[in-house]
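The values are calculated or read from the model by the stated rules, or taken from the named source; none is laboratory data. Only a predicted model underlies this, so the values are computations on that prediction, with no experimental measurement involved. Glycine also receives a Cβ, built like all others from the backbone with ideal geometry; neighbour counts cover every protein chain displayed. SASA here: full protein model, heavy atoms, side chains in, ligands and nucleic acids out. Shrake-Rupley method; radii C 1.70, N 1.55, O 1.52, S 1.80 Å.
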Amino acid sequence: ASTIEIKQRNGNQEELSGNVRLSGTEFATMLEGPLGKKTTFMASARRSYLQFLFQLLDLPIRPDYYDFQYKVNHKIDSKTEVNFIGIGAIDNFELAIPKESDANTAYINRANPLIKQWNYTMGASLKKLVENGYFTLALSRNTFFNGADRYENNALKTGEKLFALESHEIENKLRFDMNKYTDGWKYSYGMDAQYAKYDADIFNTVSPTVSFSSNTAIDFFKFGIYGHVSNYFFDEKFLISGGVRADINTFTKNGLNPLQTISP
């Protein structure tokens, strides 16, 4: 498992500006500027051309992707701001048969499915300064689609479809975080709620006369609450930090008992 943290700056408050970039592997553009006295925006998009480069080099892989992101920042007053953000991508991938390849390489390339994926995360957050700290309230939705198809002739997408996959991972989240600073101590606490849904449709051909298909889906709610305190001592060479968290969910049999999920 891993975590990626993306920090986005605000758009240009003074004027509309942007740039366009074109290289041998991609095309990208970015635009930013003011939408009013208290509002700025920034948006960008990118399109890859790697599939054409790899075709010229006679490589079997054909990556084809796009990605996008945006941010809108609005200052409600000197202590309160709201952000609307989004990031997404489209990824299509396939294998081609190189001009110089043996029968084994050609078979492997034909046997691999054509990959099609897309995903996005979008939401809004409210940040407000309070006495000795601030709080944030965020609402977001993220979706990941994973698809794959395999035909008798993958190169032309013709013949009978031998394999097909379509799956979605969808999460809707609401989160509240409070952060306080008093005499060197940092206090934070918060809670979050989440509705998650996962589904998958699969078709596969086992032999010329045998195939199967399945359709599965689950959905459930998750809730969590936490508290944390920390402080540095001896010229910030010694840190004391501690916290506790508990979660509940509607999926597992005993998931609604927070006493069973308390963790440091």
Dividing the mean separation of Cα pairs under 8 Å (6+ apart) by the residue count of the chain yields a relative contact order in percent of 9 percent
Against the 2.2 N^0.38 Å rule of thumb, the C-alpha Rg of segment 79-175 sits at a ratio of 1.77
Calc'd 3J(HN,Hα), segment 241-252, phi into Karplus 6.51 cos²θ - 1.76 cosθ + 1.60 (θ = phi - 60°), Hz, glycine/Pro = x, comes to 8, x, x, 8, 9, 9, 10, 9, 8, 9, 8, 7
With the dipole of the chain defined by +1 on each Lys or Arg Cβ and -1 on each Asp or Glu Cβ, the option from Val20, Ile4, Pro34 whose Cα lies farthest towards the positive pole is Pro34
Restricting to Cα pairs under 8 Å and 6 or more apart, the percent relative contact order of segment 187-264 works out to 26 percent
Env charge @ Val130, Cβ radius under 14 Å, K,R +1 / D,E -1, value 0
To the nearest 0.05, the calculated FRET efficiency linking Lys253 and Ile4 through their beta-carbon distance, R0 being 41 Å, is 0.80
The simple spin-label model distance between Asn132 and Leu53, using points 7 Å out along Cα→Cβ, in nm, is 5.4 nm
Relative contact order as a percentage, segment 1-55, C-alpha pairs under 8 Å and 6+ apart, gives 32 percent
Checked against a 21 Å limit on the C-alpha separation, the offending pairs among Lys79/Lys237; Lys197/Lys222; Lys197/Lys253 are Lys79/Lys237
Looking only at lysines whose Cα falls under 21 Å of Lys75's and that sit 8 or more positions away or on another chain, we get Lys7, Lys37, Lys38, Lys127, Lys128
Scalar couplings 3J(HN,Hα) for segment 76-85 by Karplus 6.51 cos²θ - 1.76 cosθ + 1.60 (θ = phi - 60°), nearest whole Hz, x for Gly and Pro, are 6, 7, 5, 10, 9, 9, 10, 10, 10, 10
Counting only DSSP loop positions in segment 78-135, the GluC sites (Glu not before Pro) whose Cβ has at most 11 other Cβ atoms within 10 Å are Glu100, Glu131
For segment 208-224, Karplus-derived ³J(HN,Hα) couplings (6.51, -1.76, 1.60; θ = phi - 60°; whole Hz; x for glycine and proline) come out as x, 10, 10, 8, 8, 9, 8, 9, 10, 7, 9, 8, 6, 10, 9, 9, x
Sorting Ser101, Ser2 on solvent-accessible surface, 1.4 Å probe, most exposed first, gives Ser2, Ser101
With no solvent term and unit scatterers on the alpha-carbon positions of segment 60-115, Debye gives log₁₀ I(q)/I(0) at q = 0.27, 0.28, 0.29 Å⁻¹ of -1.01, -1.04, -1.07
Classified through the alpha carbon gyration tensor (a ≥ b ≥ c as square roots of its eigenvalues; rounded if a/c is under 1.5, else prolate when a/b is larger than b/c, else oblate), the chain comes out oblate
Between the alpha carbon centres of segment 158-181 and segment 21-90 the gap in Å comes to 20 Å
